[in-house]
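**Q** Got a structure for you, questions after.
What follows draws every value from the coordinates through simple rules; no lab data is involved. These numbers come from a predicted model, not from an experiment. When we count neighbours, we look across all protein chains shown, and the Cβ atoms used for this are built from the backbone with ideal geometry, even at glycine.
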Amino acid sequence: MATQAAYHFDPIDREQVRLLASLPPGRRVRIMLDARELAVGSIRGRLRRQYPHLSSQAINLKVLEEVARAGRTPRS
């Protein structure tokens with residue numbers, strides 16, 4: 001039976017948290033959306049290299065599947 005290694009987050013950067021907390025809510029949301037766009041773009045680029053024969057629509061479906069699967073990952 002294969003076991004998954006537990007992933008541990010990097011330590012919290014308290015200064016970064018303080019700086020983000022000092023921003024207006026709209027700016028914090030914009031930063032979050034920019035980070036999501038970067039992450040999804042990275043996933044899409046990796047899948048495009050992995051499956052060069054697939055259409056953009058098929059790649060987008062694979063992106064959605066991967067993002068949904070990541071949301072179901074058990075947390076310890």
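**Q** Out of everything in the stretch 47-63 that is among the polar types (S, T, N, Q) and either in contact with a helix residue (DSSP H, G or I) (Cβ under 8 Å, 6 or more places away or on another chain) or assigned to a loop (DSSP other than H, G, I, E, B) (or both), what residue ends up being surrounded by the most Cβ atoms within 10 Å (Cβ to Cβ)? Walk me through how you get there before you give the answer.
**A** At the first step, the residues of the stretch 47-63 found to be among the polar types (S, T, N, Q) are 50, 55-57, 60.
Narrowing further to those that are either in contact with a helix residue (DSSP H, G or I) (Cβ under 8 Å, 6 or more places away or on another chain) or assigned to a loop (DSSP other than H, G, I, E, B) (or both): 55, 60.
Numbers: Ser55: 9, Asn60: 14.
Applying the filter and picking the extreme gives Asn60.
**Q** Please tell me if Glu37 is under 27 Å from Gln16 (Cα atoms) and under 14 Å from the mean Cα position of the chain (by Cα). Outline the logic, then answer.
**A** Values: under 27 Å from Gln16 (Cα atoms): yes; under 14 Å from the mean Cα position of the chain (by Cα): yes.
Judged against the criteria, Glu37 is a match.
**Q** Hey, another quick one. Taking the stretch 34-43 as the region of interest, how many residues are closer than 22 Å to His8 by Cα, of a type outside the set (D, E, K, R) and surrounded by 11 or more Cβ atoms within 10 Å (Cβ to Cβ)? Write out each step before concluding.
**A** At the first step, the residues of the stretch 34-43 found to be closer than 22 Å to His8 by Cα are 35-36, 38-40, 42-43.
Remaining after also requiring of a type outside the set (D, E, K, R): 35, 38-40, 42-43.
Now narrow it down to the ones that are surrounded by 11 or more Cβ atoms within 10 Å (Cβ to Cβ): 39-40, 43.
So the answer is 3.
**Q** Restricting the search to the stretch 18-33, which residues are surrounded by 10 or more Cβ atoms within 10 Å (Cβ to Cβ) and of a type in the set (D, E, K, R)? Steps first, answer last, please.
**A** Here is the first cut: in the stretch 18-33, the ones surrounded by 10 or more Cβ atoms within 10 Å (Cβ to Cβ) are 19-20, 23, 27-33.
Selection gives Arg27, Arg28, Arg30.
**Q** What number of residues within the stretch 44-76 are of a type outside the set (D, E, K, R) and within 21 Å of His8 (Cα to Cα)? Write out each step before concluding.
**A** From the stretch 44-76, those of a type outside the set (D, E, K, R) are 45, 47, 50-61, 63-64, 67-68, 70-71, 73-74, 76; that's our starting set.
Those left that are additionally within 21 Å of His8 (Cα to Cα): 67-68, 70-71, 73-74, 76.
Selection size over the stretch 44-76: 7.
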